[in-house]
Every structure is written in C-alpha cells, then in structure tokens.
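The values are calculated or read from the model by the stated rules, or taken from the named source; none is laboratory data. No experiment lies behind these values; they were computed from the predicted model shown. Because the Cβ atoms are built from the backbone with ideal geometry, glycine has one as well, and the counts that use them run over all protein chains shown. Ligands, DNA and RNA are excluded from the accessible area calculation, which covers all protein heavy atoms including side chains. Shrake-Rupley method; radii C 1.70, N 1.55, O 1.52, S 1.80 Å.
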Amino acid sequence: MKVLLINGSPHENGCTYTALREAADAMEACGVDTEIVWVGKAPVRGCIACGGCRKAGKCVFDDDMTNRIGELAQTADGFVFGSPVYYAGLNGTVSSLMDRLFYSQGRHFRHKPAAAVVSARRAGTTTALDEIQKYFGLCEMPLVNSSYWTMVHGSKAEDVRMDEEGMQVMRNLGRNMAWLLKCIEAGKQQGIAPEGNEYGVRTNFIR
Ligand SMILES: Cc1cc2nc3c(=O)[nH]c(=O)nc-3n(C[C@H](O)[C@H](O)[C@H](O)COP(=O)(O)O)c2cc1C
C-alpha cells in the first residue's frame, strides 16, 4: 500500500511540506509506504480546454509535473494534496495542476481515498480545503479526515512544528489514511470492489 503526497508549495521544505511529512511519518509507522512529490517552482500552466487529453489519455502539455504525477498515481492507493493558502484559497499552482490532472487522468484516482492539507499564516484555510476536496468528490474518492480540519498554521516550517494541534491532526490524518487503506485491502481480499457505476449520461441545464 502506497500513498502519494503532493506538496504544491513553491517551498520544498516549508510549511506544507512539514505538515505532509508529519502525516507521512504516521502512515509509515502504520506500515504504509509514502512518497512526497514536490511540484516545484516552475510555472504550471492552466487547462486550455483543448480536449486533447481525451485522445492522449494525459495532458497534451508535458512540460511540468502534471503528467508525472498522473503516472505515479496509477500505482498509488491513496493521496494527500497539500497547498499553502493564497488569498483565502488554494494556490495557483495546485489549482492549475489539479484541473489538468483530474480532467485528463481522473481514472487513476477514482475510488481511491484522499485527503487535503493546507497551510496558512492565519486565515482562508477552510475555503482552500473545500476547493481541493471538490476534485475528490467528482472522482468518487473517499475523503480521509482527522481529529480537526486538516490545516496547519505558520509562515515558516519552524512555526508549523510549534503548531502542536496541527501536528497532532496530521498524525491522526496519517493513521486514518492507513486504517482506511487496510480496510479497503481487506475488502478486496474478500472480493469486495466498487459496484458497477454508470457514467453514460451527461446533461447540462438547457437540454
Ligand atoms: C501570494 C500569497 C498569498 C497568501 N495568502 C494568504 C492568505 O490568504 N491567508 C493566510 O493566512 N496566509 C496567506 N499567505 C501565507 C501562506 O499561506 C503561509 O505562509 C503558508 O503557510 C506558506 O506555506 P509554504 O511554506 O508551504 O509555502 C499567502 C502567501 C502568499 C505568497
């Protein structure tokens, strides 16, 4: 069992990373493998709605981490997406990345558990969490929660390490992810899989 954790901050070892690291260490202690992937500082372009991914099976733009994360997602069993809070929402990098990743390769995420983690100096955390969780909703991904909303506070990694409740929340998030993955695995061994859902109908509001 493996969980992929995405650090969407421009800071490789900043606040978001510190939160993800705490959750990942808790998962490892429960016997779950983890990999933290840093999106980096290079621009991540937004979706241009070209529809090319329908044919390619991935985003037509191959110059950032989007398709690489899509590849890693194929063999991952669970996910944590982490973003710093920018103007009371998720940051532009994570927004662009998740738009293109889920639009082009949502199939690699479907029915796998996921969690969102955000870091803020002060405010805007719940909106940012809500935005990230919307991607999981459309991919039928069980949402993994913790003993409080999955946020930490600080401007630097050291601040986050002093956010004792935030760190506790991250450890509990890691444990809850491990527990759910083990439940899903036990279910698989009993022959329990997602039921055959229907996807054919797509209407809009005018016809
Ligand atoms: C462009 C920008 C916008 C920000 N907006 C907010 C905000 O709305 N609320 C907040 O509390 N912190 C805000 N911050 C601060 C970061 O969210 C905060 O320092 C975060 O913990 C940094 O995480 P990182 O070290 O992983 O990048 C903003 C920072 C930047 C650069």
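Some points to look at:
- FRET efficiency estimate (nearest 0.05) - Cβ-Cβ, A186 to E165, R0 41 angstrom: 0.85
- Ranking by accessible area, most exposed first, for E195, E22 with a 1.4 Å probe: E195, E22
- In the elastic network of the chain, a GNM with C-alpha springs shorter than 10 Å, the most mobile of Q190, Q74, Q168 is Q190.
- Debye-formula intensities of region 52-141, expressed as log10 I(q)/I(0) at q = 0.17 Å⁻¹, are -0.70 (one equal scatterer per alpha-carbon, no solvent).
- Extent along principal axes [Cα atoms of region 86-207; Å; largest to smallest]: 48, 43, 20
- Contact order relative to length of the chain, as percent, for alpha carbon pairs under 8 angstrom and 6 or more apart: 25
- Spacing of the modelled spin labels on S155 and K55, each 7 Å from Cα toward Cβ, amounts to 5.0 nm.
- Using Cβ point charges alone (K and R +1, D and E -1), the dipole size of region 2-189 about the Cα centre works out to roughly 560 debye.
- Rounded accessible area of K182 (nearest 10 Å², 1.4 Å probe): 90
- Sequence of R45, R54 when ordered by accessible area, the most exposed leading, probe 1.4 angstrom: R54, R45
- Between the alpha-carbon centres of region 46-63 and region 166-189 there is a gap of 33 Å.
- According to the Cα-based calculation, Rg over Rh for region 135-192 is 1.13, with Rh computed by the Kirkwood formula.
- Accessible surface of F61 - all protein chains present, 1.4 Å probe, nearest 10 Å²: 50
- Cα-Cα over 28 Å, subset of K41/K134; K134/K188; K58/K112; K156/K182; K58/K156: K156/K182; K58/K156
- H108, H153, ranked by accessible area, largest first (probe 1.4 Å): H153, H108
- Cα-based Rg and Dmax for region 10-100, where Dmax is the largest Cα-Cα distance (Å): 14.4, 43
- Taking max minus min of the alpha-carbon positions on each principal axis, the chain gives extents of 51, 44, 33 Å, largest first.
- Secondary-structure-derived ellipticity at 222 nm for the chain, considering helices only, amounts to -13500 deg cm²/dmol, per-run term -39500 (n - 2.57) for DSSP H runs with n ≥ 4.
- Pairwise centroid distance, computed over Cα atoms, of region 115-140 with region 87-102, Å: 10
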